[in-house]
Amino acid sequence: MTSSQTNRDEPAAPAAATQPVGAGSPAWELLLPAVSAPARTRGRSLQAALREAVRTGRLAPGTRLPSSRDLAADLGVSRGLVTEAYEQLTAEGYLRSGRGAGTWVGGAVRAAPPRARDLAPRSPGVRADFVAGTPDLSLFPRSAWAAAQRAVLAGLPHQDLGYPDPRGLPRLRTALAELLARRRGVVADPERIVVVSGVAQATTLLGFALHARGVRAVGVEDPGSPQHDALYASAGVTTVPLPLDDEGIVPGPLRDSGVRAVVTTPSHQFPTGIAYSARRRTRLLAWARSVDGLVLEDDYDGDFRYDRAPVGALQGLDPEHVAYTGSVSKSLAPGLRLGWLLVPESLADEVIERKRTMDLGHPTLDQALFAHFVERGDYDRQLRRCQRAYRERRDVLVAALREHFPGAEVSGIAAGLHVIAALPERYGPREDFLARVTAAGVAVRPLADYTHARADADGAEGVRLVLGYAHLAPARIRAGVGLMAEAATGA
């Protein structure tokens with residue numbers, strides 16, 4: 001091959017950068033820590049530093065790099081180390097080179113954003129946050145959790161770190177079966193318990209299983225959780241809002257809707273705060289049997305009843321027509337992403353297979369840790385601790401509302417992590433009230449935000465608010481209600 005042929009095959013040097021960047025250039029300053037690394041890691045460190053310089057744009061596309069001999073001399077390392085780094089990054093596409101043409105920064109790299117955004121829900125600049133749904137994260141039992149983690153890591157069999165049963169570790173499913181039977185009265189077969197990433201995944205799994213059976217619509221409580229629409233839509237299933245009365249879902253509209261599956265929160269309806277009556281529970285199950293349908297029972301805060309023992313779960317009355325789900329989001333922390341789904345036998349295989357294809361099972365270390373936590377009684381102690389704290393905070397909130405909003409009525413059973421407060425008409429219209437308190441730095445949502453029929457007459461009847469309190473200390477609850485009252489009255 002002639003020299004002229006060689007030159008035609010080599011990449012042309014960019015006109016804007018005909019001279020190499022010297023090793024003393026500021027662009028090479030970030031290489032100094034890399035070459036100071038221990039000898040066994042120095043090569044990888046140099047490669048990582050060069051790679052980062054290209055990614056961040058400190059070495060722009062088209063920049064000619066120093067020769068391996070010159071850069072090695074200026075950095076005080078072997079030429080072979082630099083040559084290996086150049087060759088590795090050329091193979092990856094960060095650099096390009098040609099015989100006799102030197103080494104250049106390639107043009108294929110597009111720098112990634114230099115920061116990671118946090119999309120977790122936040123309420124910046126809020127002086128009082130009464131938005132429902134968050135527990136007191138400071139109650140998380142850090143010491144007991146850390147002790148359980150140490151114990152589990154010390155004794156976990158090696159094989160348990162492999163791919164798990166998609167349903168979950170047998171140890172955890174057994175512990176959950178005993179816990180749920182004892183505390184919530186469910187008929188709990190460990191073979192039909194699936195460990196999931198919270199109620200959201202349980203809902204999606206059931207949505208996929210129902211869709212595979214030809215179900216294209218499920219009924220949802222109205223008002224109810226606003227998340228159901230998106231979760232079922234992801235599985236190709238639409239939602240049909242069903243009205244409530246003081247006893248639960250109204251039977252007539254449920255029957256007339258034509259749906260064969262319905263989502264409920266019977267122990268403590270979200271957000272109205274009612275508990276389904278025994279008569280309404282019976283009629284709901286009779287409907288499910290008549291259409292060979294399914295009731296999805298979301299027991300999101302069934303353990304938190306303050307005036308009496310919690311009412312047992314609906315699933316215990318008919319385990320073949322009720323799928324039961326819950327999580328530790330309210331008792332420990334939503335960030336753990338740990339929950340359970342107890343499915344009827346007729347749906348078990350489909351749900352388990354969908355769980356397998358979705359994520360190959362929940363993290364085994366987290367499962368073993370929670371199993372240990374339940375077996376030792378730590379979870380029961382945590383529930384009692386939360387119950388005491390949340391009962392006190394509910395009482396403080398109710399008293400503060402009566403003091404600052406004379407005539408206010410709190411509805412719903414004494415349970416859960418929120419209340420419904422109906423304020424007298426003089427505090428309306430609703431939109432004016434919300435504008436005033438929002439301007440004062442109070443975060444609060446009206447009951448209308450949880451209904452499908454948004455154009456309701458709530459504003460004309462006064463202001464009905466969904467007030468979360470579990471995440472607020474008693475002093476902050478009192479101060480927040482006082483701030484809301486000042487904003488509402490213009491005092």
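Readers should treat all values here as calculations from the given coordinates under stated rules, not as data from a laboratory. Everything numeric in this text was worked out from a predicted model, so none of it was measured. So basically every Cβ, Gly included, is an ideal-geometry build from the backbone, and we count neighbours across all protein chains shown.
Taking only C-alpha pairs under 8 Å that are 6+ residues apart, what is the relative contact order of the chain in percent? Could the numbers behind the result be given before it?
Working: 826 pairs, mean separation 82.4, N = 491.
Worked out over the chain, it gives 17 percent.
Mind listing the long-range amide H neighbours of V196? Cut-off is under 5 Å, sequence gap 5 or more, other chains count too, H placed in the peptide plane at 1.01 Å from N.
For V196, whose amide H was placed from the backbone, the distant partners under 5 Å are G339, W340, L341.
Starting from the Cα of R426, step 7 Å along the direction of its Cβ; do the same at T238; then give the gap between the two resulting points in nm.
Taking the two extended label points, one gets 4.7 nm.
I'd like the FRET efficiency for R55 and T438, computed as 1/(1 + (r/R0)^6) with the beta carbon distance as r and R0 of 35 Å, rounded to 0.05. Could you put the intermediate results ahead of the total?
Details: r = 42 Å, r/R0 = 1.20.
So, using R0 = 35 Å, E works out to roughly 0.25.
With a point put 7 Å past each Cα toward its Cβ, work out how far L365 is from A217 in nm, to one decimal.
4.7 nm
Helix 364-375: angle to the longest alpha-carbon principal axis of the chain, degrees 0 to 90, nearest 10?
Compared with the principal axis, the helix lies near 30 degrees.
Whole-Hz ³J(HN,Hα) for each residue in the range 289-300, computed from phi via Karplus 6.51 cos²θ - 1.76 cosθ + 1.60 with θ = phi - 60°, x for glycine and proline: what do you get?
5, 5, 10, 6, x, 9, 10, 9, 9, 9, 9, 5
Would you calculate, for the chain, the mean residue ellipticity at 222 nm contributed by helices, counting each DSSP H stretch of 4 or more residues as -39,500 (n - 2.57) and dividing by all residues, to the nearest 500?
Numbers: 16 runs with 200 residues, N = 491.
Here the helix-only value at 222 nm equals -13000 deg cm²/dmol.
R0 = 41 Å: FRET efficiency of D246 with Q159, Cβ-based, nearest 0.05?
Working: r = 53 Å, r/R0 = 1.29.
Given R0 = 41 Å and the Cβ-Cβ separation, E is 0.20.
Could you work out how far the C-alpha centroid of the range 472-491 sits from that of the range 376-399, in angstrom?
Each part reduced to its Cα centre gives a spacing of 23 Å.
About the Cα centre, and with charges only on the beta carbon of Lys, Arg (+1) and Asp, Glu (-1), how big is the dipole of the range 279-417? Nearest 20 debye, please.
Details: 21 positive and 22 negative charges, 120 e Å.
Here the range 279-417 has a charge dipole of around 580 debye.
So if we plug the beta-carbon distance of A73 and A116 into 1/(1 + (r/R0)^6) with R0 = 30 Å, what FRET efficiency do we get, rounded to 0.05? Please report the intermediate quantities before stating the final value.
Values: r = 38 Å, r/R0 = 1.27.
Computed FRET efficiency for A73 and A116: 0.20.
Give me the dipole magnitude in Debye, nearest 20, for the chain about the Cα centre, with unit charges on the beta carbon: positive for Lys and Arg, negative for Asp and Glu. Intermediate values should be presented prior to the final figure.
Working: 59 positive and 54 negative charges, 265 e Å.
Approximately 1280 debye in magnitude.
Which of P429, S143, V396 sits closest to the plus end of the dipole of the chain, meaning its Cα is farthest towards the positive end, when Lys and Arg get +1 and Asp and Glu get -1 on the C-beta?
Final value for the positive-end residue is S143.
Based on the Cα atoms of the range 59-181, what semi-axes does the equivalent ellipsoid have, where each is the square root of 5 times one gyration tensor eigenvalue, given in whole Å with the largest first?
Details: eigenvalues 561, 140, 51 Å².
Equivalent ellipsoid of the range 59-181: 53, 26, 16 Å, largest first.
Once you have the Kirkwood Rh of the chain from its Cα pairs, apply Stokes-Einstein at 25 °C and 0.890 mPa s and quote D in µm²/s.
Answer, rounded: 91 µm²/s.
Looking at the range 191-220, which trypsin sites (Lys or Arg not before Pro) are DSSP coil and have at most 15 other C-beta atoms within 10 Å of their C-beta?
Numbers: sites: R192, R213, R216; in loops: R213, R216.
Loop-located and lightly packed - R213, R216.
Tell me the trypsin sites (Lys or Arg not before Pro) within the range 37-114 that lie in a loop according to DSSP and have at most 10 other beta-carbon atoms within 10 Å. Don't skip to the end; give the middle numbers.
Values: sites: R40, R42, R44, R51, R55, R58, R64, R69, R79, R96, R99, R110; in loops: R58, R99, R110.
Hits after loop and neighbour filter: R99, R110.
Extension gain D256-R381, at 0.36 nm per residue separation less the Cα-Cα distance, in nm? Walk me through the intermediate numbers first.
Values: separation 125, 0.36 × 125 = 45.00 nm, distance 4.50 nm.
Computed gain between D256 and R381 is 40.5 nm.
How many nm is it between the label spots at R388 and A230, if each spot is 7 Å from the Cα in line with the beta carbon?
So the two model labels end up 3.7 nm from each other.
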